[in-house]
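Student: Let me begin by handing over the structure; questions about it come next.
The values are calculated or read from the model by the stated rules, or taken from the named source; none is laboratory data. All of these numbers come straight from a predicted model, not from anything done at the bench. All Cβ positions, glycine included, derive from the backbone under ideal geometry; neighbour counts span all protein chains shown. The accessibility values were calculated without ligands, DNA or RNA, using every heavy atom of the protein model including side chains. Shrake-Rupley method; radii C 1.70, N 1.55, O 1.52, S 1.80 Å.
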Amino acid sequence: MVEEKVVEKGKERAVEVTKWRRVFDDYRAMSDEILRPDEPKKEKFLEAMRKYLTKQNWPFLLPYKLTLEACTKCGTCAEACTMYLGSGRKKIYSPVYRSDMLRKIYKKHFTLTGKLFGPLVGAKDPTEDDINALAESAYRCTVCRRCALACPFGLDNGLITRETRKIFADLGIVPDELKENGVENQLKYGNAPKIPYEAFMDILEFIKEDIEDEKGVEVEIPVDKKGAKYLIMNNAGDYLAFTETVQGIVEIMNYVGEDWTLNSPKTGVNDIVNYGLFYSDEDLVRVMKAHVETAKKLDVEYLVVGECGHAYDSIAHFAKDLIPPEERPFKVISWMELLDQFIREGKLKLDKEKNPEPVTFHDSCKWGRTGGIYEEPRRILQAACKDFREMYPNREWNYCCGGGGGFAIMAKDDFLKFRMETYGKMKVQQLKQTGAKIIATICSNCKAQFREMINYYNLDMRFSGVSELVANALVYE
């Protein structure tokens, strides 16, 4: 009887894993190509894992080892996980299940008790299938860290996900969207979408003409101005996909008459994104240093991070530990903090009646849980919109939309469907309860996810950045 139950359980797990893997076939194929069967996959994996359990990984080593060693598998984190809840509580999507795959390997090869007692203490020697499954599972989690907030011990399963991605990055297993089309393009061309200087200037000219035609006011868009007080660096994708956000920033900066500039690819990097954050410390720092060098070259007082959450996480927080203060002779501030400051100082005259539709706000994970930016966008929206409504839960407990962790630009095979029917399903339920017609957010990845979500679920609402709502409410004398 017991044997029959074990067999049935094994069959269920096999079917579940098979379905799960179909979504990530491209990345499994990439794994098979890089680590062929005749190569020692397990040894290469263990070698990379060992590297991140040394002082070389000093910024993350203590919380990483603590999370590996102290988990009691209580399941509290699972009940906080948007992916797990959105999937209908499928075990394979639980943070405990995902992290425990790595934890078993850690115990087997890097702890004395695991080496001595093996399965008795939860240790396991990984098979090739285990390693493949771990690679796939690492790109199921958006690293939103809602689980860490819920854990009674403060353990961070999101960190486990990132450390797992780092191990696979050392083996050459990284989604092209993040590595080649993201980091490498950004460092080679100045921005991930490879927008050349001439095209960039044309986009700004279109933005200038649109503002002047629509508002009847003249605006200037300074570019590569040295010694400006504020260098505003946007997600380069905004210039192509979410132009209204950049247009709003341009109009607002002209309205307040501040000393500011944008920068072009001629100055180095004019794209505030940092996809290295999602999979590699080395690439994180490479992009981070490019941002720092660009700001230093233009000799600005402030580097202002546009509407891009993971960019703020990297340059405002990670940079403090990874780049010495003397090498960062400028201050980093978010566009939300600056815009909130302008409103509090009375520099913006706004008419709420110009934004009469009900508006709700999505707390992006990187802006909120890891950035602490909660109240600024709310004060801004309440000043610019007639009917602002909260969605619940909100602030630090808000659900991840599914665009984080690099997911917003990943859609191979059925991955878009996965995003929509796990994270997306949870977010749609939240949105419908508000009755809002506009979803405001301050993250490009979130906007990309909402764009797909609105189409997928045929929602009667639209998404917007905060900047364009403020610009729309401006009062000209």
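Student: Please find, within the range 299-331, the residue that is least open to solvent (accessible area, probe 1.4 Å) out of those that are of a type in the set (D, E, K, R) and farther than 14 Å from I442 by Cβ.
Tutor: First pass over the range 299-331, keeping only residues of a type in the set (D, E, K, R): 299, 301, 307, 313, 320-321, 326-328, 331.
Narrowing the set further to residues that are farther than 14 Å from I442 by Cβ leaves 299, 301, 320-321, 326-328, 331.
On the way: D299: 108, E301: 85, K320: 130, D321: 102, E326: 140, E327: 82, R328: 52, K331: 114 Å².
Selected residue: R328.
Student: On to the next question. Which residue out of I131, I92, I105 is touching a Pro at 6+ places or on another chain (Cβ under 6 Å) and not small (G, A, S)? Can you show your working first?
Tutor: Working: I131 fails: touching a Pro at 6+ places or on another chain (Cβ under 6 Å); I92 fails: touching a Pro at 6+ places or on another chain (Cβ under 6 Å).
Checking each option against the conditions leaves just I105.
Student: Also: Which pairs do you get when a residue that is on the phi > 0 side of the Ramachandran plot, found in the range 121-143, comes within reach of a residue that is part of a loop (DSSP other than H, G, I, E, B) and crowded, with 17+ Cβ neighbours inside 10 Å, reach meaning Cβ atoms under 7 angstrom, with the pair 6+ apart or on two chains?
Tutor: Qualifying pairs under 7 Å: V143/G404; V143/G405.
Student: Considering only the range 186-257, give the helices (runs of 4 or more DSSP H) lying wholly within it that have at least 1 residues that are closer than 21 Å to E337 by Cβ, touching a Ser or Thr at 6+ places or on another chain (Cβ under 9 Å) and open to solvent by 10 Å² or more (accessible area, probe 1.4 Å). Please lay out each step first, then the result.
Tutor: Values: elements: 197-215, 236-240, 243-256.
Once the helices (runs of 4 or more DSSP H) in the range 186-257 are filtered for at least 1 residues that are closer than 21 Å to E337 by Cβ, touching a Ser or Thr at 6+ places or on another chain (Cβ under 9 Å) and open to solvent by 10 Å² or more (accessible area, probe 1.4 Å), what remains is 243-256.
Student: Moving to a separate point now. Is one or more of the residues making up the range 334-344 part of a loop (DSSP other than H, G, I, E, B) and either touching a residue at least 24 places away in the same chain (Cβ under 8 Å) or basic (K, R) (or both)?
Tutor: Quick first cut of the range 334-344, residues part of a loop (DSSP other than H, G, I, E, B) only: none.
The answer is no, given that none of the residues of the range 334-344 is part of a loop (DSSP other than H, G, I, E, B) and either touching a residue at least 24 places away in the same chain (Cβ under 8 Å) or basic (K, R) (or both).
Student: Follow-up question, since we're still on this one. For the range 258-306, give me each residue that is assigned to a strand (DSSP E or B) and without any contact (Cβ under 8 Å) to a residue 60 or more places away in the chain. Before the answer, list the steps.
Tutor: The initial filter retains those residues of the range 258-306 that are assigned to a strand (DSSP E or B), namely 260-262, 302-305.
Within the range 258-306, W260, T261, L262 meet the criteria.
Student: Out of (1) modelled with pLDDT of 95 or more; (2) part of a loop (DSSP other than H, G, I, E, B); (3) under 24 Å from the mean Cα position of the chain (by Cα), what's the single condition that is false for G368?
Tutor: Exception for G368: condition (1).
Student: Please determine, by comparing only the residues of the range 418-445 that are hydrophobic (A, V, I, L, M, F, W, C) and in contact with a helix residue (DSSP H, G or I) (Cβ under 7 Å, 6 or more places away or on another chain), which one is farthest from Y239 (Cα to Cα). Steps first, answer last, please.
Tutor: Initial filter on the range 418-445 (hydrophobic (A, V, I, L, M, F, W, C)): 418, 420, 426, 428, 431, 436, 438-440, 442-443.
Now drop any that are not in contact with a helix residue (DSSP H, G or I) (Cβ under 7 Å, 6 or more places away or on another chain), which leaves 420, 426, 428, 439-440, 442-443.
Values: M420: 25, M426: 29, V428: 27, I439: 20, A440: 18, I442: 15, C443: 14 Å.
Filtering the range 418-445 for residues that are hydrophobic (A, V, I, L, M, F, W, C) and in contact with a helix residue (DSSP H, G or I) (Cβ under 7 Å, 6 or more places away or on another chain), the one farthest from Y239 (Cα to Cα) comes out as M426.
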